[in-house]
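What follows is a short report on a single structure.
The values are calculated or read from the model by the stated rules, or taken from the named source; none is laboratory data. Quick caveat: nothing in here was measured; it's all calculated off a predicted structure. We place every Cβ from the backbone using ideal geometry, glycine too, and count neighbours over all the protein chains shown. All accessible areas refer to the heavy atoms of the entire protein, side chains included, with ligands and DNA or RNA removed. Shrake-Rupley method; radii C 1.70, N 1.55, O 1.52, S 1.80 Å.
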Amino acid sequence: MSGTYLGMPSFPKAAREAVHNETLRGNLRHATHTIRDKRAKAVAELADWAQLREAGKQIKDRTLRHLDEYLVQLEESVTAAGGTVHWAADGDEANRIVAGLVKATGEREVVKVKSMATQEIGLNEALEAEGIAAYETDLAELIVQLGEDRPSHILVPAIHRNRGEIREIFARTMSEWGRPAPEGLTDSPAELAEAARLHLREKFLRAKVGISGANFMVAETGTLVVVESEGNGRMCLTLPETLISVVGIEKIVPTWQDLEVFLQTLPRSSTAERMNPYTSTWTGTTDADGPQDFHLVLLDNGRTATLADEVGRQALRCIRCSACLNVCPVYERAGGHAYGSVYPGPIGAILSPQLRGTESEIDASLPYASSLCGACYDVCPVAIDIPEVLVHLRERVAGQGGRGHRLEKAAMKAAGWVLNHPAALAAGERAASRTRGLHPKRLPGAAAWTDSRDLPELPPEPFRDWWKKNRT
Amino acid sequence: MSSRDQILARVRAAVADAPEAPEVTRDYLTTHTADDPAAVLDLLHENLADYRALVHRTRPGGLPALLARLLAGRGATTVLAPPGLPAEWLAGSTATLTADTPASTAQELDAVDSVVTGCAVAIAETGTLVLDGGAGQGRRRITLVPDHHICVVRAPAQVVASVPQALPRLDPARPLTWISGPSATSDIELDRVEGVHGPRTLEVVLVEE
Ligand code: SF4
């Protein structure tokens, strides 16, 4: 049902189209500004935010440094708790494993919790090819799926749709997939949510197989954690008889205590709440409570290649909060689809080219889909220096054949931004060229790995200052 | 080579030259709130209400009457009581009690008007209730499928100030459900709408013992 990313045009081309879509830009602008203002307040409530951020970064760095040990420990704890662990080197293998597990239950449909990992590997399409219907149950994912559309934001995938469009999609398509939308459905959010509730409840109550991702996996206990708002996650995690979770290998935290950091920083960074409405944790299976058959599929799919890059590996710290999207001036104008990947915005610009390599047109253009203003780094709860990785990846792309500068200009122009801000363009170019000079091809190991703050600050202040004074 | 061995080998090769990562510095706060049970309870009340839970306070003696009033106010004719819920809590209610059994289907739960449970721990700074499936809390599904959930919190015994104070009191081997306000979505133009899937109404009774 949902679209595919294959054959996506490069960022400049896709962004140029998006910038001309007035509705999309209006929806995006409203959404990103609302969330980022709320986020700033939620973060300001915690006096120790800087310490929590640093601890989150250190926990992730330590996990990545010893990922092999933590993976083995996790496998042992999940197995001891009654689960089964599978390993998937790439998306195809993960899809094969999941399809096989679903078929073994004799079922032909599954309910799904919103999950970036399963989108990344195109699981829904793979299941469809095997004759298995995968129903997205997050409201926004449902809107995207019914609209035969692609998600455009990590957290609010239907951010590009307004209420009128959603009403139209529900009225037109719900009947094709189950319970139809009520007669006379209006575009009030409450009515739209009610229509989704009725449509999906029918599916939840009969579902025998649930598929999820996870926000965290605790190595020492084998516990998986899913953070959500609506309760569709709880439905999928507790009502079916079989639960299959597909999770990237970087989602491990070593200890139960480590959750105290991320359960404080993730909700405030993503939905700007003190805590999201629902968090579920489960450890293997529990007698008579929830699925009696639990499978964990550990997914590599480019993560080990990312881990091998001294500068780029910090992208694996990402907890998918989406704060960086909401502050990004380029994302705000270009929209999520222009990034041609399930990971849009600043994190997408550094993660996708690393997971997939920089050979394709779209992946080669992504490191240029940025103004290097640094706002993404400022808000990131695990302190990923996205500008640093962008500059690093630009070097890699430029090394492939000198199209770097052209791409940079094209990306900025397409985002319809610097054309109105010549000063920003000049400053941005200065920043980019200066920082490029500061980064040798191989960084001295210790500093790069353990504390990116030991590296020279970048991009240089003039542009960040300009941006702070002039941010829209 | 199996995918398992292949992935582990790739990980080892990827970090072979990486220097040791330091121990984690935990100099963040373990609480953001003064150590005063009354203030912590007030904060819990405030934050629960801020996330649109309906909050009530009572003394232990007043609990049965309050629960009876809340259930009657909803017009609840059936109420689910998980195993281990003190019988006297619901002694004042005229609603028909239904027990949750492993054989109860999701459809049966869907037909229940209200569910009353206790909790394992409540977190004041975030306005969060944590259920761990222990006595009086039941399986995860019973606080999910019915549309009305009343959760009883015993203060000060079950109340902590912060997330770092809550985790050590919880057993990761049990399935946990953290609840902060009723089910909500902001997926339509970021307008908050309560209850897409979980209970649309969450009532919390703080019992000051
Ligand atoms: S890069 Fe940082 S800010 Fe962006 S989604 Fe990941 S954790 Fe959040």
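Structure data summary
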read-out	value
Test: residue in the stretch B:175-182 that is within 30 Å of A:Arg163 (Cα to Cα), modelled with pLDDT under 95 and within 13 Å of chain A (Cβ to nearest Cβ)	yes
Within the stretch A:125-140, tally of residues that are in a helix (DSSP H, G or I), at pLDDT below 95, open to solvent by less than 20 Å² (accessible area, probe 1.4 Å) and of a type outside the set (Gly, Ala, Ser)	1
Candidates A:Asp287, A:Asp293, filtered to the one that is surrounded by fewer than 22 Cβ atoms within 10 Å (Cβ to Cβ), away from every other protein chain (no Cβ under 13 Å) and either more than 13 Å from the ligand (Cβ to nearest atom) or modelled with pLDDT of 95 or more (or both)	A:Asp293
Enumeration of residues in the stretch A:331-363 that are assigned to a loop (DSSP other than H, G, I, E, B), at negative phi and either away from the ligand (no atom under 12 Å from the Cβ) or at pLDDT below 90 (or both)	A:Ser341, A:Val342, A:Thr358, A:Glu359, A:Ser360
Residue in the stretch A:81-94 that is nearest to B:Arg174 (Cα to Cα), counting only those that are in contact (Cβ under 8 Å) with a residue 24 or more places away in the chain and at the interface with chain B (Cβ under 10 Å from one of its Cβ atoms)	A:Ala81
Within the stretch A:142-155, considering residues that are part of a loop (DSSP other than H, G, I, E, B) and open to solvent by less than 10 Å² (accessible area, probe 1.4 Å), the one nearest to the ligand (Cβ to nearest atom)	A:Ile154
Residue list for the stretch B:29-51, restricted to those being buried (at least 18 other Cβ atoms within 10 Å of the Cβ) and at pLDDT below 95	B:Tyr51
Cβ-Cβ under 9 Å pairs, at least 6 apart or on other chains, the stretch A:25-48 side within 11 Å of another protein chain (Cβ to nearest Cβ), far side surrounded by fewer than 16 Cβ atoms within 10 Å (Cβ to Cβ) and among the hydroxyl-bearing types (Ser, Thr, Tyr)	A:His33/A:Thr472
Qualifying residue in the stretch A:166-184 (condition: open to solvent by 50 Å² or more (accessible area, probe 1.4 Å), at pLDDT below 90 and not in a helix (DSSP H, G or I))	no
Residue selected from the stretch A:255-265 under the condition in contact with a strand residue (DSSP E or B) (Cβ under 8 Å, 6 or more places away or on another chain) and open to solvent by 10 Å² or more (accessible area, probe 1.4 Å), by the criterion farthest from the other protein chains (Cβ to nearest Cβ)	A:Thr255
Unique residue being within 16 Å of the ligand (Cβ to nearest atom), among the basic types (Lys, Arg) and in a helix (DSSP H, G or I) when the list is A:Arg268, A:Arg197, A:Arg234, A:Arg201	A:Arg268
Criterion: touching a residue at least 60 places away in the same chain (Cβ under 8 Å) and open to solvent by 30 Å² or more (accessible area, probe 1.4 Å) - qualifying residue of B:Arg69, B:Arg74	B:Arg74
Matching residues in the stretch A:32-61 - criterion: being part of a helix (DSSP H, G or I), in contact with a Leu (Cβ under 8 Å, 6 or more places away or on another chain) and surrounded by fewer than 22 Cβ atoms within 10 Å (Cβ to Cβ)	A:Thr34, A:Gln51
Given (1) open to solvent by less than 10 Å² (accessible area, probe 1.4 Å); (2) within 14 Å of the ligand (Cβ to nearest atom); (3) in contact (Cβ under 8 Å) with a residue 40 or more places away in the chain, index of the condition A:Arg320 fails	(1)
Hits in the stretch A:367-388 (condition: outside any loop (DSSP other than H, G, I, E, B), within 24 Å of A:Arg16 (Cα to Cα) and within 14 Å of the ligand (Cβ to nearest atom))	A:Ala375, A:Cys376, A:Ile386, A:Pro387
Filtered residue count, the stretch A:14-42, keeping only those that are among the basic types (Lys, Arg) and at pLDDT below 75	1
Residues within the stretch B:1-28 that are open to solvent by 60 Å² or more (accessible area, probe 1.4 Å) and either more than 8 Å from every other protein chain (Cβ to nearest Cβ) or touching a residue at least 40 places away in the same chain (Cβ under 8 Å) (or both), tallied	3
